[in-house]
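**Q** Below is one structure. I have some questions about it.
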Amino acid sequence: MASHTDDDADGTEAGGTRRAEPTAGAIHLEELTKQFDTDDGVERVFEDVDVHIEPGSFVTLLGRSGSGKSTILKLVSGVLKPTSGEIRFEPDDVTIGYVFQSPRLLPWNTCLENIEFVHEHNPAYSDETGREYLDLVDLSEHYNKYPSQLSGGQRQRVGIARALSIDPDILLMDEPFSNLDEITAEELRAELLSIWQQLNKTIFFVTHDIDEAIELSDRILMLGDGQIYADLDVPLERPRSIDSEEFLSFRQQAIDTFHSV
Ligand code: ADP
Ligand code: MG
């Protein structure tokens, strides 16, 4: 069974202890269909979605608002159950971390206590681990600050540190930078890439922003009209320069594909 950080700030669940060698998980979505029963009848969000995500890869799900991106992440995390189809992981006991659009920090807890909170049932946790992950997101000066004493970008850094602190094999990120100003978002994207390159994690990232998807990902899945209608490998070397000819040419191709549905 996969473990996951829960949808609610007060219901987060700690994963395993830190392993000697970091591991990354594969995700397999097989003929995945999700519908919701609403007052107006059945709403089918998507149908027969097949996606296979390689361990250690950075894959982005791109789609307009309401296309079902968050629903897919919630299915992967186990918060929601599919109407039909299957989700498998390799290894099958993967640990999953979740970063939300807003970091959902407990306001009465400091940064360090917000991380400690998800390790309530983890005897191997110590403040040293919490500090290690706050250091990783450049918050060494802020261990004992409360969320209200931090900027929006710093609060989101705590959310990322908290998700990473359970040493997940898979990190799910649902529009994590869309509430931030563009300069801060850009800083966090660069840091996320650096962290991804240091720690061997599979990242399944959701956004509605094509440029963000191209800047970050190995691969972009486009979701719309109830299906994954495009699956593009991003053929750009890292680090990526957003005004290089290759970037602009791929961007045009991605935009054309995005608007084809
Ligand atoms: P996105 O994240 O791409 O904006 P969502 O996955 O949040 O889209 O939602 C996709 C569709 O599913 C929307 O039409 C939304 O109204 C519907 N939906 C999502 N969650 C529920 C729910 N719990 N009950 C009913 N409909 C839902
Ligand atoms: Mg969403």
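A short reminder: the numbers here are calculations on the coordinates, not readings from a lab. The structure presented is a predicted model; accordingly, all values stated were derived computationally and were not measured. No Cβ is skipped: glycine too gets one built from the backbone with ideal geometry, and neighbour counts run over all protein chains shown.
**Q** Would you mind pulling out the separation of the Cα centroids of the stretch 201-261 and the stretch 49-118, in Å?
**A** After rounding, the separation between the Cα centres reads 19 Å.
**Q** Would you mind classifying the stretch 64-117 by shape? Square roots of the alpha carbon gyration tensor eigenvalues, ordered a ≥ b ≥ c; an a/c under 1.5 is rounded, otherwise it is prolate if a/b is larger than b/c and oblate if not.
**A** Details: a/c = 3.32, a/b = 1.58, b/c = 2.10.
Note, shape of the stretch 64-117 comes out oblate.
**Q** Still on this structure: Of the chain, which part is the longest with no GluC sites (Glu not before Pro) in a loop (DSSP not H, G, I, E, B) and with at most 14 other C-beta atoms within 10 angstrom? Please report the intermediate quantities before stating the final value.
**A** Numbers: sites that count: Glu120, Glu237.
It works out to 1-119.
**Q** As a test of the formula, what do you get for the chain when each DSSP H run with n ≥ 4 contributes -39,500 (n - 2.57) and the sum is divided by the residue count, at 222 nm and rounded to the nearest 500 deg cm²/dmol?
**A** My calculation for the chain gives -9000 deg cm²/dmol from helical runs alone.
**Q** Further question: Considering only the chain, what is the antiparallel percent among its DSSP beta bridges, to the nearest 5?
**A** 50
**Q** Among Ser217, Leu192, Thr207, whose Cα sits farthest toward the positive end of the charge dipole of the stretch 133-261 (+1 at Cβ of Lys/Arg, -1 at Cβ of Asp/Glu, about the Cα centre)?
**A** Of the listed residues, the answer is Leu192.
**Q** Return the sequence-ordered ³J(HN,Hα) values of the stretch 159-172 in whole Hz as given by the Karplus equation 6.51 cos²θ - 1.76 cosθ + 1.60 applied to θ = phi - 60°, using x for Gly and Pro.
**A** So the Karplus estimates, Gly and Pro as x, are x, 5, 4, 4, 5, 6, 5, 8, 6, x, 7, 9, 10, 9 Hz.
**Q** Collect residues whose amide H, placed 1.01 Å from N in the peptide plane, falls under 5 Å from the amide H of Gln35; neighbours closer than 5 in sequence don't count.
**A** Val45, Thr83
**Q** What number, in nm² with one decimal, is the all-direction average of the projected area of the convex hull of the alpha-carbon atoms of the stretch 110-204?
**A** If I average the Cα hull's projected area over directions, I get 6.0 nm².
**Q** Return a whole-number percent for the relative contact order of the chain, with Cα pairs under 8 Å and 6 or more residues apart as the contact set. Before the final figure, lay out each step's value.
**A** Numbers: 507 pairs, mean separation 68.4, N = 261.
That works out to 26 percent.
**Q** If you take the square roots of the eigenvalues of the alpha-carbon gyration tensor of the stretch 203-256 and sort them as a ≥ b ≥ c, do you get rounded (a/c under 1.5), prolate (a/b over b/c) or oblate?
**A** Prolate shape, in that a/c is at least 1.5 and a/b is the bigger ratio.
**Q** Quick one, can you get me the convex hull of the C-alpha atoms of the chain expressed as volume per residue in Å³?
**A** Residue-normalised Cα hull volume stands at 131 Å³.
**Q** State the antiparallel share, in %, of DSSP beta bridges confined to the stretch 151-261, rounding to the nearest 5.
**A** 55
**Q** Then there's this: With both bridge residues required to lie in the stretch 63-212, what share of the DSSP beta bridges run antiparallel, to the nearest 5%?
**A** 0
**Q** List the aspartates and glutamates whose Cα lies under 14 Å from the Cα of Lys74, skipping any in the same chain that are fewer than 8 positions away.
**A** Asp6, Asp7, Asp8, Glu86, Asp174, Glu175
**Q** Loop only per DSSP, at most 10 neighbouring Cβ atoms within 10 Å: give me the chymotrypsin sites (Phe, Trp or Tyr not before Pro) in the stretch 86-166, ordered by residue number. Mind dumping the intermediate values first?
**A** On the way: sites: Phe89, Tyr98, Phe100, Trp108, Phe117, Tyr125, Tyr133, Tyr143; in loops: Phe100, Trp108, Tyr125, Tyr143.
Those that pass, being in a loop and sparsely packed, are Trp108.
**Q** Might you report the magnitude of the Cβ-based charge dipole of the chain about its Cα centre, with Lys and Arg at +1 and Asp and Glu at -1, to the nearest 20 debye?
**A** Once rounded to the nearest 20, the dipole reads 360 debye.
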